[in-house]
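A.B. asks: Okay, handing you the structure first.
Quick note: the coordinates plus some simple rules give every number you see, no bench work behind them. Remember, predicted model here, so these are calculated numbers, not experimental data. Cβ coordinates were reconstructed from backbone atoms using ideal geometry, including for glycine residues, and neighbour counts include every protein chain displayed.
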Amino acid sequence: MSDQTLSESDLLPCEDNIAPYVDPRCLELPIWTTKQDEYRLRGILDFVGQGWRFALSRVPEEATWGLKADQQDLLCYMGVPLKIIVVGVLKTLEIILTDDPTSASLAVGVELLREVDVEAHEGLLWRSTVRTAEERPKQFVARAHNQGAERIFDSFFDARDDYTSRQRMPIATAHQLAIGDILLLDVQLRRRALAPRWSAYEPFIELRHVNLLVGQPDVERTRRASSPDNFTWGL
């Protein structure tokens, strides 16, 4: 048998450079989470329901800026301001202080758990006549401003057992959180005007509440009692 030299055209095409398909709803969780944690998180990540709450990836495409005078800076659905729930791994928590004690703010940054949520985040930021985010955001960041109050944001709750009404959840504090915990953020999409009559505006994400959803098992924490309520649902 004679030796033959293969030419480049005889070789099968190499697929090393082809990116593998990844389900956009595939969860990327910390290694310490349990199957029970994963089951609970999947239900919350696709939640739609009680109190006009929508998970980040389930915000209706039909949602629009409010038409009423006091809602024009809020994303609404069927005339009601949307409540958006966002789940992610805590990466940053910053208190921003100025010379004016009434202008302090809190910024919480989380790493989202699914590609579909990252895409939904981009979609929220680009709901504007002026595109303000040219690059994919590295984190989901929500900010809370005191708006005249002389104390820093303090709406923290312990939702490790149940995410339900705030009257039923134990109250928490910022020092009970640890980088790497899984949080649920209650947020709203708002906008600030860049020109008269909203001809140009910039959307931003306002933080309403921070809920500790799944805490790292090696972090010691204390619990505070909640007050009774007639709320009948929980996640």
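A.B. asks: What is the distance in Å between the Cα centres of region 50-129 and region 154-228?
C.D. replies: Rounded to whole Å, the Cα centres lie 11 Å apart.
A.B. asks: On to the next question. Work from the charge dipole of region 25-214 (Cβ charges, +1 for Lys and Arg, -1 for Asp and Glu, about the Cα centre) and give the residue of Thr173, Phe54, Leu184 farthest towards its positive end.
C.D. replies: About the Cα centre, the residue reaching furthest to the positive side is Phe54.
A.B. asks: Using only the alpha-carbon atoms of region 25-214 as identical scatterers, what base-10 log of I(q)/I(0) does the Debye formula give at q = 0.11, 0.12, 0.17 Å⁻¹?
C.D. replies: Rounded to two decimals, the profile gives -0.50, -0.60, -1.22.
A.B. asks: Sum up the charges of everything whose Cβ sits under 11 Å from the Cβ of Trp32, counting Lys and Arg as +1 and Asp and Glu as -1, but leave Trp32 out. Write down the numbers at each step before the final one.
C.D. replies: Working: positive: none; negative: Asp37, Asp181, Asp218.
Around Trp32, the surrounding residues sum to -3.
A.B. asks: Another question, then. Which ordering of His145, His209, His175, His121 is given by a fewest-first count of other beta-carbon atoms within 10 Å?
C.D. replies: Working: His145 15, His209 18, His175 9, His121 22.
Starting with the residue having the fewest Cβ neighbours, the order is His175, His145, His209, His121.
A.B. asks: Taking neighbour Cβ counts within 10 Å as the exposure measure, how do Tyr163, Tyr77 sort from fewest upward? Don't skip to the answer; put the middle values down first.
C.D. replies: Numbers: Tyr163 24, Tyr77 16.
Neighbour counts put them in this order, fewest first: Tyr77, Tyr163.
A.B. asks: What does the charge add up to near Val219, with Lys and Arg as +1, Asp and Glu as -1, over the other residues with Cβ less than 12 Å from its Cβ? It would help to have the intermediate numbers written out before the result.
C.D. replies: On the way: positive: Arg160, Arg221; negative: Asp181, Asp218, Glu220.
Overall, the nearby charge balance is -1.
A.B. asks: Could you give the size of the charge dipole of region 25-214 about its Cα centre, using +1 on the Cβ of each K and R and -1 on the Cβ of each D and E, expressed in debye and rounded to the nearest 20?
C.D. replies: Numbers: 24 positive and 27 negative charges, 86 e Å.
Dipole size: approximately 420 debye.
A.B. asks: Mind giving me the nanometre distance, one decimal, between the label points for Glu61 and Glu119, set 7 Å out from Cα along Cα→Cβ?
C.D. replies: Reported label-point gap for Glu61 and Glu119 is 1.2 nm.
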